[in-house]
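The structure under discussion appears below in the form of structure tokens.
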Amino acid sequence: EPEVTQTPSHQVTQMGQEVILRCVPISNHLYFYWYRQILGQKVEFLVSFYNNEISEKSEIFDDQFSVERPDGSNFTLKIRSTKLEDSAMYFCASSSQREMGTKNIQYFGAGTRLSVL
Amino acid sequence: LAKTTQPISMDSYEGQEVNITCSHNNIATNDYITWYQQFPSQGPRFIIQGYKTKVTNEVASLFIPADRKSSTLSLPRVSLSDTAVYYCLVGDLNSGGYQKVTFGTGTKLQVIP
């Protein structure tokens, strides 16, 4: 079964450093997303991406965040200057409109645990 | 997006059938109902999706009454590995190719040996 893969599984960084979280969405999917989940809290939407541009972003997704699809397979989330409160699990997801009889089923990766020290 | 309400937690013994009900009183005509499952430290995983009546797959069944103001996820004969958080989500059928998924707090199912 195709799956979304994320690397690294765990990223430790110092406050103020830049981090890049990487994702390889399912190959024929067209829509890409990032979510985050702070320990013990809800999964929160960050951003959606389609046709090489951001479709929608949440209030969390401020100027410190950016996304990119640098090639035909990778989808990245960059945090320019990490803060302690950025510590969370970050999930990448992808979806396709083309699945028969279904709508917007999002497939999630296993996540990257970001620890900001 | 229609607001959803589901129990915060449920306990069940192994081998029992578990039914988790979600209320979505303000569901719109174009909305469909999707359930996800999340194990600790993992990403949410799609379980089942439906619009009306009953949908069944290899994992679960989804029952949606005629008024669609609620839905029930049914897990047959749960095992310890079904311990997870289950999320009910409601979204627009005509929203185009994408829609952000808005997660609530979900129902934490604890399966007891």
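The values are calculated or read from the model by the stated rules, or taken from the named source; none is laboratory data. These numbers come from a predicted model, not from an experiment. Because the Cβ atoms are built from the backbone with ideal geometry, glycine has one as well, and the counts that use them run over all protein chains shown. Protein only, heavy atoms only, side chains kept; ligands, DNA and RNA dropped before computing areas. Shrake-Rupley method; radii C 1.70, N 1.55, O 1.52, S 1.80 Å.
Values as computed for the structure displayed
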| item | result |
| --- | --- |
| Residue satisfying condition, being away from chain B (no Cβ under 14 Å), open to solvent by less than 50 Å² (accessible area, probe 1.4 Å) and within 12 Å of the chain's Cα centre (by Cα), within set A:PHE65, A:PHE91, A:PHE61, A:PHE49 | A:PHE65 |
| Of residues in segment A:32-46 being touching a strand residue (DSSP E or B) at 6+ places or on another chain (Cβ under 8 Å) and exposed (fewer than 14 other Cβ atoms within 10 Å of the Cβ), the one modelled with the highest pLDDT | A:ILE38 |
| Residue that is nearest to A:LYS103 (Cα to Cα) [pool: residues in segment A:12-33 that are under 15 Å from the mean Cα position of the chain (by Cα) and aliphatic (A, V, I, L, M)] | A:LEU30 |
| When residues of segment A:68-77 are limited to those that are surrounded by fewer than 19 Cβ atoms within 10 Å (Cβ to Cβ) and either over 19 Å from A:TYR107 (Cβ atoms) or of a type in the set (Phe, Trp, Tyr) (or both), the one modelled with the highest pLDDT | A:GLU68 |
| Count - residues of segment B:9-38 that are under 13 Å from the mean Cα position of the chain (by Cα) and open to solvent by less than 50 Å² (accessible area, probe 1.4 Å) | 12 |
| Per-region count, segment B:82-110, residues polar (S, T, N, Q) and modelled with pLDDT under 95 | 5 |
| Odd one out for B:ALA84, checked against (1) closer than 15 Å to B:LEU109 by Cα; (2) in contact (Cβ under 8 Å) with a residue 60 or more places away in the chain; (3) of a type outside the set (Ser, Thr, Tyr) | (2) |
| Elements of type strands (runs of 3 or more DSSP E) contained in chain B, each with 2 or more residues being in contact with a helix residue (DSSP H, G or I) (Cβ under 7 Å, 6 or more places away or on another chain) | B:107-112 |
| Where a residue in segment B:92-113 is at positive phi and its partner, wherever it lies, is modelled with pLDDT of 85 or more and of a type in the set (A, V, I, L, M, F, W, C), with Cβ under 6 Å and at least six apart | B:GLY106/B:VAL85 |
| A:THR13 vs. criteria open to solvent by less than 10 Å² (accessible area, probe 1.4 Å), of a type in the set (S, T, N, Q) and away from chain B (no Cβ under 14 Å) | no |
